[in-house]
Structures are given as structure tokens and as C-alpha cells.
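To start, the structure itself, in C-alpha cells.
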Amino acid sequence: MRVDGPTISFEFFPPKSPEGEASLFAAIGELDSVKPNFVSVTYGAGGSTRERTIKIACDIFEKTGYRTIAHLTCVGATRAEVHEILRQFQQAGITDILALRGDPAQGPTAPWVTTPGGFTHADELVEMAKSFGSFEIGVAAFPDLHPAATGFDQGIEVLLRKEQLGATFAVTQFVFQPESYARLISELADRGSALTVYPGIMPVTSYPQFMRMLDMAKGEIPVSLMAQFDRHRDDPDSIRELGIEVATQVSEEVLDAGAEGLHFYTLNSAKSTLEVVKRLGVRDY
Ligand SMILES: Cc1cc2nc3c(=O)[nH]c(=O)nc-3n(C[C@H](O)[C@H](O)[C@H](O)COP(=O)(O)OP(=O)(O)OC[C@H]3O[C@@H](n4cnc5c(N)ncnc54)[C@H](O)[C@@H]3O)c2cc1C
């Protein structure tokens, strides 16, 4: 098994049912052949999955020993509540946090309303997590700009500020335009940043799910590429194959641009992600 190539990591979401949990752990079992460098567990929109995020992150860590990153958002919580969640993460043995603001219930372009006594931006959460002294802290990055950002430079400033406050790595929104990722890491390097920026790779497996994800994140995709997905929208097998091809191509380009690793949005399923890793030839298995 060759593991000295780019880092490979996987994002999972906390399932809602015992069946979902069983199928997540089946996927993790399949993905184990890749020997991921780390995995991450998302935090439900609106802060809805605190207990499940902790439980799944701890279960994964216990069962696999993988470095496990727990996502955490500031939505609907006071500073004291966020502090308590961080304390619970720490107590549960979680060493890595992805410190996020989260989105308003109406989506990422809706105006953010700060919970009384809560945080306005994720940099404040980075600062609080850092004060615990035990967490390695990651943050979100947006190669195609955050939907509410005022411009590319502002996105860079935000990342540099989070780094100053203690973040050591960033994970990006899913990338479909590798040149945006290349521009982001090049600008950060020029500004003296040492942040490791893992590009998010999403092998599309289902057209309706992809549409929901794009809408939720207000993600960017080139028109010509979208047209290809549209053309195959009624053919699930073609969508899956196209998803693998596109994710492989994007992965190759971000690695060429200097990415240290690839962070796969697995959507709790192994097949397409495994196929991309296989086609890339970045692990011998
Ligand atoms: C890899 C990744 C994983 C994610 N995981 C989850 C998850 O598990 N659960 C979930 O609910 N959401 C998740 N999200 C979505 C994320 O919470 C939203 O995209 C959110 O809108 C932005 O989060 P942020 O941490 O970048 O916020 P912030 O850094 O607060 O940025 C939000 C906006 O404010 C601006 N800004 C930031 N700091 C300042 C400042 N100090 N002053 C003025 N403006 C500022 C930014 O430019 C941006 O436009 C994830 C996103 C990514 C990329």
C-alpha cells in the first residue's frame, strides 16, 4: 500500500437512523482500503446534529483510529453554549475541529442574524477553540468566493485572520473550477500563509442530490460542465460515470496546481470515491 502520495480524506454526515449508521460504517469499511489520512463529520444545518456529530465522530475514531475532525457551527448558539460544545468535544477525545459559522435557515445568501450572545463570524469561533489549547483547528475556504463575500481579497483576508487566530488548515467548498483553487492557494502563499488548503472533491452520484447541494451551497460550476450533467439527468448510471470522470479530472488539476491532498465529499457512500482514487493512481491497491 503506497501512502506517501497526496493526503486523502473523507467527509461524512451523521446519519439519522440506525440503518443509515450501518450503511455509513459499511462505506467506511470499504474506504478503509485507501487508508485515509483523516476523516471529517459534518454538523447539521441550524446546529441540528450536535449529539450525533459527537457520537459519530467518536465512534469512527474508536472503530478506525483515523484522525477525525468534527465540524462545528455557531448557528443558533450563544458563546456559552458553543464553549460547552467545545468542552464536550474535548472530553470526548476529539482533537480536530472545523470551525464554521454555518448558514441562516434561508440559505447562504440570506442575511446573517447573530444569536443574542452568539458569534457573528467563524473567526470568533477559531479564537475560542484555540483558547482550549488542545484542538487543531481548520476552517472553510471558498475558491469561487463565499456567496456573501464582497470579493476575492476579502476571502483572502478572512483566511489570513483565521490563521493568525490559530487555524492551521482549511477545507474548501467543492471544486469544479480548478483554476479558482489554484488562484486561492497562490494568493495565500504570496501573502505568507502556511495554511494547508485541502480542495473539496465531490464525485456526483445523483442528479437531484447534486442540484440540492449546488443550491444549498450556491456552488459554482462551469456552464459547459453543467450542460453535460443536464444532458444525462435522467440516466443515473451516466450521471455516476460522469461524476467519476469529472472528479478525477478536477483532482488531477488541483494536484498539479500544488494541492497537498484531496478531501472527498463522500455523501456517506464509497463506490464513486474509491473509483476516483483508483483512477488517479495515488494509492496502490
Ligand atoms: C469545507 C466546508 C465544510 C462545511 N461544513 C458545514 C457543516 O458541517 N455544517 C454547516 O452548517 N455548514 C457547513 N459549511 C457551510 C458554512 O458554514 C457556510 O458556507 C457559511 O456560510 C460560511 O462559513 P464560514 O465558516 O466561512 O463563515 P465566516 O468566516 O463567518 O464567513 C461568512 C461570511 O462573512 C465574511 N466574513 C468572515 N469573517 C468576517 C469578519 N471578521 N468581518 C466581516 N466579514 C467577515 C466572509 O467573507 C463570508 O462572506 C461548510 C462549508 C465548507 C466550505
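Quick note: the coordinates plus some simple rules give every number you see, no bench work behind them. Treat the numbers as computed from the prediction; the structure is a model and nothing was measured. Note that each Cβ is placed from the backbone with ideal geometry, even for glycine, and that neighbours are counted across all protein chains shown.
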Query raised in the report: Between ASP215 and ARG79, what length comes free when the chain is fully extended (0.36 nm per residue of separation minus the Cα-Cα distance, one decimal in nm)?
Result: 46.0 nm
Query raised in the report: Using modelled amide H (1.01 Å from N, peptide plane; none on Pro or chain starts), what sits under 5 Å from the amide H of HIS121, excluding residues fewer than 5 places away?
Result: none
**Report entry** Dimensions in Å of the chain - Rg and Dmax from alpha carbons
**Finding:** 18.0, 52
Query raised in the report: Within region 78-167, which GluC sites (Glu not before Pro) sit in a loop by DSSP and count at most 12 neighbouring Cβ atoms inside 10 Å?
Result: none
Report task. Mind counting lysine pairs for me in the chain? Cα separation below 27 Å, and the two need to be 8 or more apart along the chain or on different chains. Result -> 17
Report summary line: Residues other than ARG67 with Cβ under 11 Å of its Cβ, Lys/Arg counted +1 and Asp/Glu -1, net out at -2
Report summary line: Most fluctuating of LYS218, LYS63, LYS35 in the GNM of the chain (C-alpha, under 10 Å) is LYS63
Query raised in the report: Over region 172-285, what is the mean sequence separation of C-alpha contacts under 8 Å (at least six apart), divided by residue count, expressed as relative contact order in percent?
Result: 36
Query raised in the report: So who's got an amide H within less than 5 Å of the one on LEU262, skipping anything under 5 residues away but keeping other chains? H placed 1.01 Å off N, in plane.
Result: THR7, ILE8, SER9
Report task. Take each uninterrupted DSSP H stretch in the chain, measure its Cα extent along the helix axis, and return the ones at 24 Å or beyond whose mean Kyte-Doolittle hydropathy is at least -0.5. Result -> 236-256
Query raised in the report: For region 235-274 and region 173-219, what is the separation of their C-alpha centers, rounded to whole Å?
Result: 12
Query - Relative contact order (percent, whole number), the chain, Cα cutoff 8 Å, 6+ residue spacing - result: 21
Query raised in the report: If one computes P(r) from the Cα atoms of region 31-138, what percent of pairs lie at distances over 19 Å?
Result: 42
Requested in this report: Quick one: which residues, 5+ away or cross-chain, put their amide H under 5 Å from the amide H of ALA167? H built at 1.01 Å from N.
Outcome: none
Report summary line: region 95-197: relative contact order from alpha carbon pairs under 8 Å, six or more residues apart, as a whole percent, is 27
